[in-house]
Every structure is written in C-alpha cells, then in structure tokens.
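Shown next, in structure tokens, is the structure this report addresses.
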Amino acid sequence: MNKEEQELRKKSPIQIKNKKAAFEYFFVDTYTAGIVLTGTEIKSIRQGKASLVDAYCIIINGEIWVKGMNISPYFYGSYNNHESKRDRKLLLTRKEIRKLQEATKQVGFTIVPTLVFIDQKGHAKMDIALSKGKKSFDKRQTLKEKEDRREMDRAIKHF
C-alpha cells in the first residue's frame, strides 16, 4: 500500500476499525477487497453502523467470505432490510485468493478484516490482513509500548 492510498483512507468519512485485531495478531500482509452488499447494507455502513468485532475471513471454493461482521439493520428499511450477521463475499483477484489460501494452510495463520471504509467512488472496501496470532507475552509487550507512547505524549504536552 503506497502513501497515496493511505491518504485516501484517512480522508474517507467512514472508517470502521477492528482495534482488537491489532492487539491479537501480527499483520504479515494486507489486501484491499471490495464487499458485495445489498442496498440497505451500504446505507447502514455510510451511517457508521457496522462492527468488525469477532469477524474473520474464510476461503470456500475459491471465493473469500467474511463471517461474523455485523451491519445493523437500516433504520428506514422496510421488509427489504438485511440480516445483520450474514456472510458477505469479498472481491479479490484469483491470484490474491490463491496466495492467501496457500498461506492459511500453514499453522497459526489466519485472515482477519482490519478496516471498512468508503472510497472516493462511494464503494465500500475492506482491508484484510494475513495474520499470525500473538502469544501472551507479545500482548504484554504491545500494552507496554502503548503505555510508553502515552507517557511520552504527556511529557511533550507539559513543555
């Protein structure tokens, strides 16, 4: 991912992050995928009514799916409203899916959604990461680094 893409993500009005994923996993590689959504789902995402907590990705028959992602029902939706926790298909190239499939065959690797955002064209996109689980001592180290950064910021503000 280059700097230009990172700037566009920061400018996106909607950014739904999976903060727990960064604490639980080391990110090895990241990909940006499109999401297949219904009309009321995209409207709910544009209102920020989605959550990536407990979400994960799985590859079935050469297609990648996100499971456990919660998109709240659209308030103004009628009988056409969507299920909040249904499986949603992600759009990646065959080459990327094959690469992820080979990597997840190794022990300890999984695919985790990290961010949902709206691009300049108004399409919902998802950043997914090939990740490896952290051990408990790695998590303690992460917490310690976070606390150190917080203290350094406090010290800078005092001067």
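The values are calculated or read from the model by the stated rules, or taken from the named source; none is laboratory data. Given the structure is predicted, the values throughout are model-derived calculations rather than measurements. For neighbour counting, all protein chains shown are included, and Cβ atoms are generated from backbone atoms with ideal geometry for every residue, glycine included. To get the accessible areas, we keep the full protein, side chains included, count just its heavy atoms, and leave off ligands, DNA and RNA. Shrake-Rupley method; radii C 1.70, N 1.55, O 1.52, S 1.80 Å.
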With Cβ to Cβ distances under 14 Å as the rule, what net charge do the other residues near ARG150 carry (K, R +1; D, E -1)?
0
Restricting to DSSP H runs of at least four residues, report the calculated mean residue ellipticity at 222 nm for the chain, -39500 (n - 2.57) per run over all residues, nearest 500 deg cm²/dmol.
-11000 deg cm²/dmol
What do you get for Rg/Rh over region 25-72 if you use C-alpha atoms and the Kirkwood form of Rh?
0.99
For each pair in LYS95/LYS135; LYS19/LYS89; LYS43/LYS139; LYS43/LYS99; LYS49/LYS99, compute the distance between the two Cα atoms and list the pairs where it is over 27 Å.
LYS95/LYS135; LYS43/LYS139; LYS43/LYS99; LYS49/LYS99
Hey, with R₀ at 30 Å, roughly what FRET efficiency would LYS19 and ASN80 work out to, going by the Cβ-Cβ distance, to 0.05?
0.40
Considering the Cα trace of region 66-120, what is its radius of gyration and what is Dmax, both in angstroms?
15.2, 45
Just to verify a number: FRET efficiency for ALA103 and GLN47, C-beta to C-beta distance, R0 = 41 Å, to 0.05?
0.75
Counting alpha carbon pairs within less than 8 Å and at least 6 residues apart, what relative contact order, in whole percent, applies to the chain?
30
Round to the nearest 0.05 the FRET efficiency obtained for ASN70 and ASP148 when R0 = 35 Å and r is the Cβ-Cβ distance.
0.60
What length, rounded to one decimal in nm, is gained on full extension from PHE26 through to HIS123, with 0.36 nm per residue of separation minus their alpha-carbon distance?
32.2 nm
Dimensions of region 52-159 along principal axes (Cα, Å, largest first)?
56, 43, 27
Protein accessible area in the chain, 1.4 Å probe - carbon and sulfur %:
52
Range in the chain, longest, excluding exposed trypsin sites (Lys or Arg not before Pro) [loop by DSSP; at most 10 other beta-carbon atoms within 10 Å]:
1-104
Given that compact globular proteins tend to follow 2.2 N^0.38 Å, what is the ratio of the alpha-carbon Rg of region 113-159 to that value?
1.80
